[in-house]
Each structure stands twice: as C-alpha cells, then as structure tokens.
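No value in this document is a laboratory result; all are computed from the given coordinates. It should be emphasised that the depicted structure is a prediction, and the values quoted were computed from it without experimental measurement. Heads up, the Cβs are rebuilt from the backbone with ideal geometry, glycines too, and the neighbour counts pull from every protein chain shown.
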C-alpha cells in the first residue's frame, strides 16, 4: 500500500479537506476524483499554485508560518499535512492550529530516526542524505526534523490523540513488519490525529 | 494603432431594450440602450463567453482600436486579445458600457423620454445589482445562457462578485480582481472629496450644465486628480516622478514645477474633456453603496450562500485603495461559506492600477484559472 492509498482510506466520501502545503495538487486531485472531496490547497510556491489552478483545484496563496487564524475551529473534516511539518518555522504552534481546524488531521513526516540516518551520523559524522531526506544540509528546506518518538512526545504534550499510524519504508510503501522497530526501520510515517 | 499583439480594429455594437427596468432605488427606467464591444467568436455550444466589467471611469472599449489613427488601445488591451490572459482565440469576450455611463449606454447625458431633455442630475442613482440585471438582459439578447466567466478589476470585480450572487446558475467562474466586499470609510471619504470638487464648481449648476452647453471641467479635473493618486502607490510615484523638476531650478512660484504635478494636471485635463460629471457622481455612489452583506446584518458568509461559481480572488501587494486584506475578507467569507475559491496575491509595485498591466504572474494565474475545466 502506498501513502496516497492510506490517505484515501482515511478520508470519507464527500468530506471537506484542507491540504496544507498541497504542492502541485496531485493528492488533492486524486481525492477529488476518488473521494469527491471539497477541498482547498494552501501553497506558497508559484509553480505549484499554477499547477493547482490548471487542475481546477481551489488554492489559497498563504504562508502557513504566518498563521492559520483565518480558518474556523473544526471547519474541515480533514486537515492534510504531507511532508510539510518539518519545513515550518514553528511546528508546535502549527500542530495546535492543524488540530484546531480539522476534526481529524493526517500528517506525513520523514523519520529522522531511520537506521540509515542514524548510521550516517554515527559512522560518518555527516548529516544524512537518504531517500526520504534527499537534500544536503545547506540546501534542505527541512529545518525541523524529528524522529517518530520526538513527534509522538509532542503530540502527548499537546493532548493530541494518535488514532492510527502507518510506517512507510524507503520506497514509500506501507510495511507492517516494522511495527515494533518503527522508529529505527520506518523511513516515513503517516499519522491520523485528533484532539 | 501601433500594437501588433492587439486584436486590431473593433466596431462597437448597440442594443435597445424597450421594456422597463426596475431599479433598486424603486424607480423604473423606461427602456434603455446599451453599447458594447465583443472580441473573439461565440462557439456553437455558446459556452465560451466571458463578460468583462469595467471600473469607475472605464467604458465598453476594453480592447483593440476604433480606428487606425487611435493611439491608445482599449483599457484592458494588455490582457484581452489573441494568446493573452483572456485569449480571444478561445473565448468570446463581451464588454458593455455600464448603465449610467457616458460612452453611449443610457446615462445622465441621454434624453429622458418623459421630458425630451437630458436626464442630467435626474438620472436615478444606481447600484451594482442594477448593472448586473441590465447585463443579464444583454446576455439574453446575445443568447448566452451561462457565462464561462465574469471578470473585472476594482468596481468591475465587485460586479463579478455580484453576478455570482444574483445569477448563480448563469456564471461558471468569477474573476474578482483588486476589489473589496464594500468600501471603507476612507474609500468613501475619497469619493466624497471627488463629488465635492464637482458639485462646488460654479459650472456644475446643480447638474444642469448641459442646458447651458458647459461642463464643470475644473471640478471634474480635481476629482480625477484625487482619484488618480489613490490608484498609484507611493513606490510607483517615486519611481515614475521622484522629486524631479520640469525645469532645472525651483521657480519659487505656484505653477506645476514637479513632474508629478504636471502629470496629475495632464491626467485631470484629459479626463475632464471626455467624461461626464453626472456620470462620475453616479459611479462613485454605486461604489459607496456596494455592500452585499448589508441585507444579511453584515454577514458576508450569508450573502455568499447562493454562489455556485468557482471564484478567483486576485489582489496586488502595493494596492492601498483596495488592499490585499480587503480581498482576503472576500476569500475568507467564501471559505467559511464552503464555496470554491482560490486566492492569489500578485507582487506588484503599481498600486491599485496594477490590475490594468500584464504582470507576468498575473497573466499566468488568470489564464490558468479561465482555462481549467472544472
């Protein structure tokens, strides 16, 4: 199972969705075709915004770091945040906002605790460059990387409930084998959260 | 005509409506004439029509040229034409002169059939909804049931928004550009200064200047000068004029010494020669009155409830007349009303007037929005 399939399985038919950092809109477009969702993408990249408009998607040019106060409490069935949390200036505040706006939140993050990252740092003394974290330290947009354990501790601190989680291997495929050693073996992770 | 990318020579059309039009003020207009231009071809399905709405001082002449010798193309020529943002190879563009205007559509300069004299100051005060209703009659006449899009900047953007509220089934997309959900006190204040400039001109004669073959030119000129300042930004004025002088030295007098002074005077002069003062008063009132939330206790979300169109809200970073935050009010209310809306802020130094210029990203975004198939 792929990341997109997991996300689709957690989104109800005809529900509303806010996709923070929606990229070129591919996930939103698939959700619109397969799940008839009504949704908005939030994006700041010019090319991505153009792609969304060309796909006929609703896209709002807005910098998540500057706040999300224009969205009402529990105004969306799902807030989707795929590969975005780690690029934000204040992930803690963002997580509070995300769970305020959505009845549920789906978060996809890269796991900095993956064995490859640990090994590079431990053996080579270098910032890891892996499949899920492909950029070098000086050009990466990922300014707030964390491990699964770090993220789950933050959720606990904010009274956010982890309803479900799926561990992805380096190819982006869901793996059930990793459940025990997820923080070591998982390359990325998808959470379904509520508060 | 010196512009090869333009659609070229255009001939305006005109239509007479004999039936009465009930206006929001309660009065009836006993028939009216509407002047309009069209660009491009209506397809067989009649599904490619775009209505372009003009702003305060605009006209039906949005693109192309009326004659070879014309120097300036239509007011939105940079965006309407072959391969442009509003691509006339794809769309059939309709651009009317609004009711109350002074470019051929029935307005204060027209003859009142009841008195056989010009309406002058007796022309009824209009609203954006009156325009929308009159444009719907034009759509019927052109056999266009549903607009592919209604677009406009400033007051034109407000019309696009009103179309989506008043005739939700007749509009697929709304392009609301450099607009606001209603005027602020500051906006109304500027309009009032413009009106005072006109009405205090001795030539105004309580609006009856046509009877003496005069026009309150100096008042109109002043009104335009004030208005024009609000269309530009501090930044663009600095870039265009700075503190540059016309002559080398200060003259220690009160003639136009700085370039910006002579520019404003020139703009005011040109405008006062061609525009009708009563129309100007009327247009500023239409702006002041626009407030779709008014009948819903100020709740814009409720006002937007009927909307079915996909809306694109566009704002410009240096626009202080209708600033990006005013556009956000529209967007946020559309989101809260669960309507289809996209919102883009274009980085531009040109102030409110930005909507008239083909900034690369502006063109790209508008084109993508109009072209998508949802």
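A few remarks follow.
- FRET efficiency for residue B:5 and residue A:163, using Cβ-Cβ distance with R0 set to 51 Å, rounded to 0.05: 0.35
- Shown for the protein assembly as shown is the translational diffusion coefficient from the Stokes-Einstein equation, using the Kirkwood radius over Cα pairs, a temperature of 20 °C and a viscosity of 1.002 mPa s: 81 µm²/s.
- Our analysis of the range B:114-207 gives Rg over Rh at 1.08, with the two radii drawn from alpha carbon positions and Rh computed by the Kirkwood formula.
- Simple label model, 7 Å out from Cα along Cβ direction - residue B:294 to residue B:372, nm: 3.3 nm
- Sorted into 10 angstrom bins from 0, the C-alpha pair distances of the range B:188-284 split as 16, 41, 29, 13, 1 percent.
- Column: log10 I(q)/I(0), Debye, Cα scatterers of the range B:171-211, q = 0.15, 0.26, 0.30, 0.34 Å⁻¹: -0.60, -0.88, -0.99, -1.08
- Within 10 Å of each Cβ in A:126-136, the average number of Cβ atoms from other chains: 0
- Where N is the number of residues in the range B:14-123, Cα Rg divided by 2.2 N^0.38 Å: 1.22
- The base-10 log of I(q)/I(0) for the range B:143-195, evaluated at q = 0.14, 0.16, 0.18, 0.28 Å⁻¹, reads -0.43, -0.52, -0.61, -1.00 [Debye formula, identical scatterers on Cα atoms, solvent excluded].
- 10 Å Cβ neighbours from other chains, averaged over peptide B:310-322: 1
- Averaged over B:343-354, number of beta-carbon atoms from partner chains that fall within 10 Å: 2
- Mean-square fluctuations from a GNM of chain A, with a 10 angstrom spring cutoff on Cα atoms, peak among A:69, A:117, A:182 at A:69.
- Note that chain A carries a Kirkwood radius of 17.1 Å, evaluated over its alpha carbons pair by pair.
- Efficiency of FRET from Cβ geometry, residue A:36 and residue A:131, R₀ 35 Å, rounded to 0.05: 0.60
- Normalised convex hull volume, chain B, alpha-carbon set, Å³ per residue: 147 Å³
- Each helix, a run of at least 4 DSSP H residues, gives -39500 (n - 2.57); summed and divided by the residues of chain B, these come to -10000 deg cm²/dmol at 222 nm.
- Theoretical ellipticity at 222 nm over chain A - DSSP helices of four or more residues, -39500 (n - 2.57) apiece, nearest 500: -8000 deg cm²/dmol
- By DSSP, the beta bridges lying fully in chain B are antiparallel in about 35 percent of cases.
- Paramagnetic label zone (point 7 Å from Cα along Cα-to-C-beta, residue B:43; backbone N under 15 Å) in the range B:346-374: B:370-374
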